[in-house]
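Only the coordinates and a few stated rules stand behind these numbers; no lab work does. Quick caveat: nothing in here was measured; it's all calculated off a predicted structure. Cβ atoms come from the backbone with ideal geometry, glycine included; neighbour counts cover every protein chain shown.
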Amino acid sequence: MQWTLVIPLKPLTQAKSRLADTAGDGLRPGLALAFAQDTVGAALACAAVSDVAVVTDDELAGRKLAALGARIVPDSPAGGLNAALAHGAAVVRETHSRTPVATLNADLPALRPAELAVVLGAAAEFPRAFLADAAGLGTTLLAAGPDGELRPEFGIDSRARHRASGARELEVAGVDSVRQDVDTGDDLRAALALGVGPYTAAVSAGLLMPGA
Ligand SMILES: Nc1nc2c(ncn2[C@@H]2O[C@H](COP(=O)(O)OP(=O)(O)OP(=O)(O)O)[C@@H](O)[C@H]2O)c(=O)[nH]1
Ligand SMILES: C=C(OP(=O)(O)O)C(=O)O
């Protein structure tokens with residue numbers, strides 16, 4: 001099965017506020033962009049992915065991610081993360097009505113294409129499925145098969161809410177790179193230990209990382 005991925009991205013100046021202790025206001029937008037570039041690059045390199053749509057209103061990120069091969073969908077009507085995801089999936093299905101759709105956060109800088117393929121392969125067994133994040137509280141991927149709706153419930157405690165909504169939790173092993181989202185300095189250290197993509201490696205080399 002070939003998937004279309006929908007990846008949401010806030011305006012870069014607002015992104016990654018929880019990284020403020022690790023990266024100051026001058027560095028954070030570049031770091032958020034690098035995470036998104038590595039996420040999109042790895043997603044496009046995945047054999048189970050046919051195309052990637054990024055939902056964003058950020059002009060610079062739109063240009064950079066389009067250059068990697070992503071389709072850019074404007075974030076209208078700008079109603080927050082879940083509205084952006086539902087909008088992105090609807091836009092994708094205007095042209096491919098039965099394409100399986102999966103959303104992926106834009107903050108997975110260690111993402112490995114082969115691990116993403118394993119997760120998508122597992123998701124293909126269910127009408128709607130999700131993968132919990134490394135912290136065990138959130139969600140990094142939510143998938144809907146050809147006849148399913150995403151019905152995204154990202155945000156606080158999204159793992160519990162996706163489970164309660166009837167989505168199947170994927171319990172695949174060996175997919176740490178798909179679970180390792182980066183919200184805090186500790187998350188960034190964990191992602192660096194897994195091995196990040198080239199954009200994040202270049203930007204994070206300039207950061208002071210106590211304890212790294
Ligand atoms: N298009 C779009 N993407 C969003 C929106 N809100 C969040 N996102 C994206 O959704 C994913 C998870 O977002 P959050 O954890 O809420 O925000 P974050 O920027 O990653 O981190 P914090 O600022 O620390 O909360 C990231 O890829 C964000 O860029 C939104 O309103 N529109
Ligand atoms: C929005 C989510 O991600 P984050 O961990 O970035 O807050 C989530 O897990 O639902």
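Just a few scattered comments:
- Only listed residue being within 15 Å of ligand 1 (Cβ to nearest atom), within 20 Å of Val49 (Cβ to Cβ) and surrounded by fewer than 19 Cβ atoms within 10 Å (Cβ to Cβ), chosen from Val178, Val91: Val91
- Selected residue [more than 20 Å from His96 (Cα to Cα) and away from ligand 1 (no atom under 16 Å from the Cβ)] from Ser165, Ser158: Ser165
- Ala32, sole failed condition from (1) touching a residue at least 24 places away in the same chain (Cβ under 8 Å); (2) closer than 18 Å to Leu188 by Cα; (3) not in a helix (DSSP H, G or I): (3)
- In the stretch 99-113, the count of residues that are in contact (Cβ under 8 Å) with a residue 12 or more places away in the chain, closer than 23 Å to Gly195 by Cβ, of a type outside the set (Phe, Trp, Tyr) and away from ligand 2 (no atom under 15 Å from the Cβ) is one or more.
- Gly155 within 13 Å of ligand 2 (Cβ to nearest atom), touching a residue at least 24 places away in the same chain (Cβ under 8 Å), part of a loop (DSSP other than H, G, I, E, B) and loosely packed, with under 14 Cβ neighbours inside 10 Å: yes
- Conditions (1) within 22 Å of Thr139 (Cα to Cα); (2) more than 13 Å from the chain's Cα centre (by Cα); (3) within 12 Å of ligand 1 (Cβ to nearest atom); (4) free of Cβ contacts under 8 Å to residues at least 60 places away in the same chain; number of the one not met by Val54: (2)
- The residue of the stretch 76-92 that is farthest from Ala102 (Cα to Cα), among those that are away from ligand 2 (no atom under 15 Å from the Cβ) and of a type outside the set (Gly, Ala, Ser), is Pro77.
- The combined condition, being charged (D, E, K, R), touching a residue at least 12 places away in the same chain (Cβ under 8 Å), within 14 Å of ligand 1 (Cβ to nearest atom) and buried (at least 24 other Cβ atoms within 10 Å of the Cβ), is not fulfilled by Asp133.
- Test: residue in the stretch 158-168 that is closer than 25 Å to Leu194 by Cα, among the hydrophobic types (A, V, I, L, M, F, W, C), in contact with a strand residue (DSSP E or B) (Cβ under 9 Å, 6 or more places away or on another chain) and within 14 Å of ligand 2 (Cβ to nearest atom): no
- Considering the stretch 114-130, and only residues there that are away from ligand 2 (no atom under 16 Å from the Cβ) and within 24 Å of Pro198 (Cβ to Cβ), the residue that is surrounded by the fewest Cβ atoms within 10 Å (Cβ to Cβ) turns out to be Ala114.
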